[in-house]
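The values are calculated or read from the model by the stated rules, or taken from the named source; none is laboratory data. None of the values given here were measured: they were computed from a predicted structure. When we count neighbours, we look across all protein chains shown, and the Cβ atoms used for this are built from the backbone with ideal geometry, even at glycine. Just the protein is used for accessible areas: all its heavy atoms, side chains included, with ligands, DNA and RNA removed. Shrake-Rupley method; radii C 1.70, N 1.55, O 1.52, S 1.80 Å.
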Amino acid sequence: MKRFGLWLLAALFSFCVLGVAVSTATNSVFGKPDSLKESLAESTVYDSAAEGIIDQAVESMQKPKDGQAEPQQREDDLQLDPKIVDKVARKVVTPDKLQVYAEQIIDGTYNWLEGEVEQPDFNIDVSSIKKDIGNSLGDVAVERVEDLPACTFAQV
């Protein structure tokens, strides 16, 4: 009985030491928003997320929507080449932008967790994303027009 009790106490002690180590490491990473931001910035999470978003955007241009055999197109629908979508997405969806948005979410969430605000508070300005998409599509259109051959006098 003494051996069993000693074994049980040794196991419990080991478990407690492990728990203290895990909670200390977790607190050092997640305890303050700055340490979490720094940890995320040092990792490649923003690069991976940007690449995943771009891949998903390109893939969604190539696959029909659920329940549809073929994407239904109207005559006035704009047709975008997946290569163009990839080019525009790479200009708009950058790891730096994702980092800014993630840090806004982290700050808003930590302010809520610390009781500074009643609800999580973060704002992501999507108007800048829309503007960047429009500008990038415009740049692609200009490049495409510049690559067209010049019209001959007979064609004019």
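Looking only at the stretch 79-105, filter to residues that are of a type in the set (S, T, N, Q) and within 15 Å of Asp34 (Cβ to Cβ); which one of those is most open to solvent (accessible area, probe 1.4 Å)?
Gln104
Between residues in the stretch 107-123 that are within 19 Å of Glu38 (Cα to Cα) and residues that are in a loop (DSSP other than H, G, I, E, B) and of a type outside the set (S, T, N, Q), which pairs lie under 7 Å by C-beta distance while being six or more apart or on different chains?
Between residues of the stretch 107-123 that are within 19 Å of Glu38 (Cα to Cα) and residues that are in a loop (DSSP other than H, G, I, E, B) and of a type outside the set (S, T, N, Q), the close pairs are Asp107/Phe122; Gly108/Pro120; Gly108/Asp121; Gly108/Phe122; Thr109/Pro120; Asn111/Val117; Asn111/Asp121.
Does any residue in the stretch 17-31 that is within 20 Å of Ile106 (Cβ to Cβ) come within less than 6 Å, Cβ to Cβ, of a residue that is of a type in the set (Ser, Thr, Tyr) and in a helix (DSSP H, G or I) six or more places away or on a different chain, and which pairs are these?
Val29/Ser35; Val29/Ser39
Is it the case that the stretch 98-111 has a residue that's modelled with pLDDT of 85 or more and more than 21 Å from the chain's Cα centre (by Cα)?
Yes, there is a match, as at least one residue in the stretch 98-111 is modelled with pLDDT of 85 or more and more than 21 Å from the chain's Cα centre (by Cα).
Got a number for residues in the stretch 106-125 being open to solvent by 60 Å² or more (accessible area, probe 1.4 Å) and assigned to a helix (DSSP H, G or I)?
2
Could you list, in sequence order, all residues of the stretch 83-105 that are touching a helix residue (DSSP H, G or I) at 6+ places or on another chain (Cβ under 9 Å), in a helix (DSSP H, G or I) and not aliphatic (A, V, I, L, M)?
Answer for the stretch 83-105, where residues must be touching a helix residue (DSSP H, G or I) at 6+ places or on another chain (Cβ under 9 Å), in a helix (DSSP H, G or I) and not aliphatic (A, V, I, L, M): Lys83, Asp86, Lys87, Arg90, Lys91, Pro95, Asp96, Lys97, Gln99, Glu103.
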